[in-house]
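Worksheet: the structure to be examined is printed underneath.
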Amino acid sequence: MAAKAIEVNNLTFSYPDTDEPVLKDINFSINHGEILGIIGPTGAGKSTLAMCVNGLVPQVINGEMEGTVKVNGSKVSESSVAKMSEEVGFVFQEPENQLSQMTIEEEIAFGMGNLGVPRDEMLGRITHALDQVGLTGFEKRSPLALSGGQQQRLAIAAVLAMRPSIMIMDEPTSMLDPKGKNEVYDVLKNLKDYGMTGIIIDHEVERIAAYCDKVLVLHEGEVQMFAPSDEVFTNIRQLHELTLNAPQVTEFLASYNQTFGKDVKLSTTLEESVNNFESACK
Amino acid sequence: MNSLYMPKDSLIHSLDPRTKMLFVVFVVASSFILNDPALQLVFLVALFPLVVLAKVVKPYLISIQFLLLFAVLIMTVHGIYNPIGVTPVFEIFGGLTFKYESMVYASVMSFRILVIGTAAVLFVMTTHPSDMASALVKWKVPHSFAFILLSTFQIIPIIAREAKIVMEAQQARCLDVKGSLIQRVKNLVPMFAPLFIITFMKVHQLSYVLECRAFSRKGEKTSLRETKIGSLDYTFLLGMLGFLAFEIYLKLFMMGSLQLTTDALLTYSLFGTWIVFGFMIIKFVVKQFQGKIGGAN
C-alpha cells in the first residue's frame, strides 16, 4: 500500500510554559489528493497541530512532543523545516507578515531561490503560480501595495511556486473580507485539480463543508470528530456541545426537524437541502 | 518603493552593482589620496557628468543639499577656530579671522564629504536594492546578511504604519500627544512599548515564514535577478584603475610643483557654500511663509 500523504500517530505536544498538553493523543491520516478541514474553538491547538506537520513544532517552536508525524511516508522529526518545505507548504494567518521582498515576482522567486531552482524555470513557475491565484500582470508591483486578499493569494502563490505536494493554510481567510475569502477558497479548490493534498484551518463552516473532503474537529487538544465533511456537519448535536456550528442550511433543517418533529434528511449543500425539504413537505 | 532607487534607463543603471560598489570604494580612496582642496574640487566637478549620465540630476541636487549643510558648518567653524591656522586670509565682523591652514583643512574635509556623498547617492539611486543584495551574495556575503539589508526596506514602512495605529489607539485612550515637550517625552513609553512588542511579534512570525520558505536550507541558492559583469563594466573598472594610477602618480611626483590651492580658491569656495546655503534658507523661509498665509497648497 502506498504511503499516506499525512499520517499522525499518538501525537501529544505541550508548550514549555504550560502544565497541560495542547495536543493530546492525536491520530489521523489523510490520503493524497484529499483536502482536510480542521475546525475547533480558539485555543484548541489547531495551529499547533498544523505546524507539527511541517516540523515547525517542535523544531523551531520548542516544546515536548511524543508520537510520530509522517509525511509521504517519512518521519518529519528526522528532517529539518527547510527540508520539509520542499514537500509541505505553509500559509499563515496574517498576509502582511509573510512578505519580505520588494516586488511580487521576487516574493515568489524567494522560496524557489532558496531551493536552488534555476532562473529559467523560475520565470515559468512565477507565471504559472500567478496564474493559479489570479494575480497575472502584477509582477513588478510592491507586495505592500496589494489588498489583504491579494497579499494572501500572493503568499499562497509563493508557496505554490515551491511545488510542495501538501499545502497547509492556517486561517488564511480570517483577515479578509468575503470577496477575499472566496478568492482564497477558489485557489484551494484548484489545488485538488493539481493533485495536491491540503489542510485548511478556518472558522468558516459553510466554506469548509463545501470545499473539504474530510473534517477534523479539535477541542481542547483532542480529536472529537474525524470523518467526511457531510458526516461531521450533520452530527449537529455534538457540534453544538463543542460550541461549534454546522452550515446554516444544515442548522435550518435540524432546527425544523426538532421544532416540528419531522425527519428531513440533513445536508450541507444548499441545493440538496432545498430538494430534501421540498420532498419532505409534499 | 521605499528606497531612493530611481528606475531609469541609463548607462550607469545598467552597470553591475558590484562595479558600482567598487566605484564607491574608488571614490572614497581617491578622496583621501587627493587631500588637496583644488584637486578635490576638480574631482567633484568630474563626478558630475556621471550624475548627468545617470539621469538623476534633480534628485541628486536635492539630496546633496543636506550634505552642503555639513560643508557650510565645517568650513565656517573650522576656518575661524581651528588652532592649526596661522596665516590670516580675511576677517569678518572685525575679529573673526579665517586662516589659510585651517581653511585648507576645512575645505579638504567638506569636499571629501561632498565627493563621497555624490558617489553614495549615485550608487543608491541607480542600483535596485535587490540587485545589490544578489550582487553581495555573489561576493560570498552570507545570504542572511543580504536579506537583512533588503528587509529593512520592507520593514520600515510596515513599522511606520504600526506606529501610526498605536498612536491613534493610545490617543483614543486619552494619551496627550500635543502637550508640552516634557509631557510628550513621557508619553513615548506608552507609544514605544506596544510598538516594540508588535515589531518583535512580526519579526518572530516572519522567521517562521522564512523557515517554511526553506531559508535555512543548505546548498546553492539562485536569484531571480541576474547581475552580469559585461564589457561595459570592464571598461568602467579599467577607467577607474587608470584614474587611480594617475592620482597616485600626481600625489607622489607632482605635488611639489603643482600648487593649485590659493587664497582666492578657498575664499570663493567658502563664499560659494554660503551663497548656496543662503538660497536654501530663503527657499525654506518662503515655503514656511507660504504655508502660513496661503495654506492652499
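Looking at region A:46-69, which of its residues are over 20 Å from A:Gln224 (Cα atoms) and touching a helix residue (DSSP H, G or I) at 6+ places or on another chain (Cβ under 7 Å)? Break it down into steps so the answer makes sense when it comes.
Just the residues of region A:46-69 that are over 20 Å from A:Gln224 (Cα atoms), to begin with: A:54-65.
Across region A:46-69, the qualifying residues are A:Asn54, A:Gly55, A:Leu56, A:Val57, A:Gln59, A:Val60, A:Ile61, A:Gly63, A:Met65.
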Residue that is farthest from the other protein chains (Cβ to nearest Cβ), among those in region B:137-156 that are touching a residue at least 40 places away in the same chain (Cβ under 8 Å) and closer than 18 Å to B:Leu22 by Cβ: B:Trp139
So B:Leu238, is it in contact (Cβ under 8 Å) with a residue 40 or more places away in the chain and in the same structural domain as B:Ser110 (by TED's automatic domain parsing): no
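For (1) more than 25 Å from A:Phe233 (Cβ to Cβ); (2) not small (Gly, Ala, Ser), each residue gets a yes or a no:
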{"residue": "A:Lys4", "(1), (2)": "no, yes"}
{"residue": "A:Asn10", "(1), (2)": "yes, yes"}
{"residue": "A:Ser14", "(1), (2)": "yes, no"}
{"residue": "A:Ile26", "(1), (2)": "no, yes"}
{"residue": "A:Ser29", "(1), (2)": "no, no"}
{"residue": "A:Leu36", "(1), (2)": "no, yes"}
{"residue": "A:Gly45", "(1), (2)": "no, no"}
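Scan region B:85-93 and tell me whether some residue there is in contact (Cβ under 8 Å) with a residue 40 or more places away in the chain and surrounded by fewer than 22 Cβ atoms within 10 Å (Cβ to Cβ).
Let us first name the residues in region B:85-93 that are in contact (Cβ under 8 Å) with a residue 40 or more places away in the chain, namely B:89-90.
Now restrict to residues that are surrounded by fewer than 22 Cβ atoms within 10 Å (Cβ to Cβ): B:89-90.
Yes, region B:85-93 has at least one match.
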Any hit, region A:226-240, residues being in the same structural domain as A:Gly180 (by TED's automatic domain parsing) and under 20 Å from A:Thr48 (Cα atoms): yes
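Looking for whichever is among the acidic types (Asp, Glu) and part of a loop (DSSP other than H, G, I, E, B) here; the options are A:Glu66, A:Glu7, A:Glu86. Which one fits?
Values: A:Glu66 fails: part of a loop (DSSP other than H, G, I, E, B); A:Glu7 fails: part of a loop (DSSP other than H, G, I, E, B).
Step by step, each of A:Glu66, A:Glu7, A:Glu86 is checked, and only A:Glu86 is among the acidic types (Asp, Glu) and part of a loop (DSSP other than H, G, I, E, B).
When the residues of region A:61-75 are narrowed to those that are of a type outside the set (S, T, N, Q) and crowded, with 16+ Cβ neighbours inside 10 Å, which ends up nearest to the other protein chains (Cβ to nearest Cβ)?
Step one: list which residues in region A:61-75 are of a type outside the set (S, T, N, Q), which gives A:61, A:63-67, A:69-71, A:73, A:75.
Then drop every residue that is not crowded, with 16+ Cβ neighbours inside 10 Å, which leaves A:61, A:63, A:65, A:67, A:69-71.
On the way: A:Ile61: 8, A:Gly63: 14, A:Met65: 17, A:Gly67: 22, A:Val69: 16, A:Lys70: 19, A:Val71: 14 Å.
Among residues in region A:61-75 that are of a type outside the set (S, T, N, Q) and crowded, with 16+ Cβ neighbours inside 10 Å, the one nearest to the other protein chains (Cβ to nearest Cβ) is A:Ile61.
Quick check on my filter: what residues within region A:161-193 are hydrophobic (A, V, I, L, M, F, W, C) and in a helix (DSSP H, G or I)?
Residues satisfying the conditions are A:Val184, A:Val187, A:Leu188, A:Leu191.
Residues checked against (1) surrounded by 12 or more Cβ atoms within 10 Å (Cβ to Cβ); (2) more than 14 Å from chain A (Cβ to nearest Cβ); (3) farther than 30 Å from A:Ile126 by Cβ; (4) touching an Asp or Glu at 6+ places or on another chain (Cβ under 6 Å):
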site	(1), (2), (3), (4)
B:Leu188	no, yes, yes, no
B:Pro194	yes, yes, yes, no
B:Val203	yes, no, no, no
B:Glu211	yes, no, no, no
B:Met240	yes, yes, yes, no
B:Ala245	no, yes, yes, no
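Working only within region A:77-97, note down all residues that are among the aliphatic types (A, V, I, L, M) and in contact with a Cys (Cβ under 7 Å, 6 or more places away or on another chain).
Applying the first criterion (among the aliphatic types (A, V, I, L, M)) to region A:77-97 yields A:81-82, A:84, A:88, A:91.
Passing the criteria: only A:Val81.
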Residue in region A:118-145 that is farthest from the other protein chains (Cβ to nearest Cβ), counting only those that are in a loop (DSSP other than H, G, I, E, B), in contact (Cβ under 8 Å) with a residue 24 or more places away in the chain and not hydroxyl-bearing (Ser, Thr, Tyr): A:Gly134
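Taking region A:231-246, which residues are assigned to a helix (DSSP H, G or I) and either surrounded by fewer than 18 Cβ atoms within 10 Å (Cβ to Cβ) or free of Cβ contacts under 8 Å to residues at least 24 places away in the same chain (or both)? So that I can check it myself, show each step before the final result.
So the first thing to find is which residues in region A:231-246 are assigned to a helix (DSSP H, G or I), and the list is A:231-234, A:236-241.
A:Glu231, A:Val232, A:Arg237, A:Gln238, A:Leu239, A:His240, A:Glu241, listed by residue number.
Of the residues that make up region A:76-95, is at least one aromatic (Phe, Trp, Tyr), facing another protein chain (nearest Cβ under 7 Å) and touching a residue at least 12 places away in the same chain (Cβ under 8 Å)? Spell out the reasoning first.
Let us first name the residues in region A:76-95 that are aromatic (Phe, Trp, Tyr), namely A:90, A:92.
Remaining after also requiring facing another protein chain (nearest Cβ under 7 Å): A:90, A:92.
Checking which are touching a residue at least 12 places away in the same chain (Cβ under 8 Å) leaves us with A:90, A:92.
Yes, region A:76-95 contains at least one residue that is aromatic (Phe, Trp, Tyr), facing another protein chain (nearest Cβ under 7 Å) and touching a residue at least 12 places away in the same chain (Cβ under 8 Å).
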Region A:1-53, residues that are surrounded by fewer than 15 Cβ atoms within 10 Å (Cβ to Cβ) and of a type in the set (Ser, Thr, Tyr): A:Thr18, A:Thr42
Set A:Gly111, A:Gly149: member being touching a residue at least 24 places away in the same chain (Cβ under 8 Å), more than 12 Å from chain B (Cβ to nearest Cβ), in a helix (DSSP H, G or I) and of a type outside the set (A, V, I, L, M, F, W, C): A:Gly149
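Do we find a residue being within 8 Å of chain B (Cβ to nearest Cβ), under 25 Å from A:Lys192 (Cβ atoms) and touching a residue at least 40 places away in the same chain (Cβ under 8 Å) anywhere in region A:40-48? If you could, list the steps in order and put the result at the bottom.
Pass one, region A:40-48, residues within 8 Å of chain B (Cβ to nearest Cβ): none.
Looking for residues that are within 8 Å of chain B (Cβ to nearest Cβ), under 25 Å from A:Lys192 (Cβ atoms) and touching a residue at least 40 places away in the same chain (Cβ under 8 Å), one finds none in region A:40-48, hence no.
Please go through region B:117-139 and pick out each residue that is among the polar types (S, T, N, Q) and assigned to a helix (DSSP H, G or I). Can you show your working first?
First pass over region B:117-139, keeping only residues among the polar types (S, T, N, Q): B:118, B:126-127, B:130, B:134.
Across region B:117-139, the qualifying residues are B:Thr118, B:Thr126, B:Ser130, B:Ser134.
The values are calculated or read from the model by the stated rules, or taken from the named source; none is laboratory data. Note that the coordinates shown come from a computational prediction; the quantities given were computed from them, not determined experimentally. Neighbour counts are summed over all protein chains in view; Cβ atoms, including those assigned to glycine, are modelled from backbone coordinates with ideal geometry.
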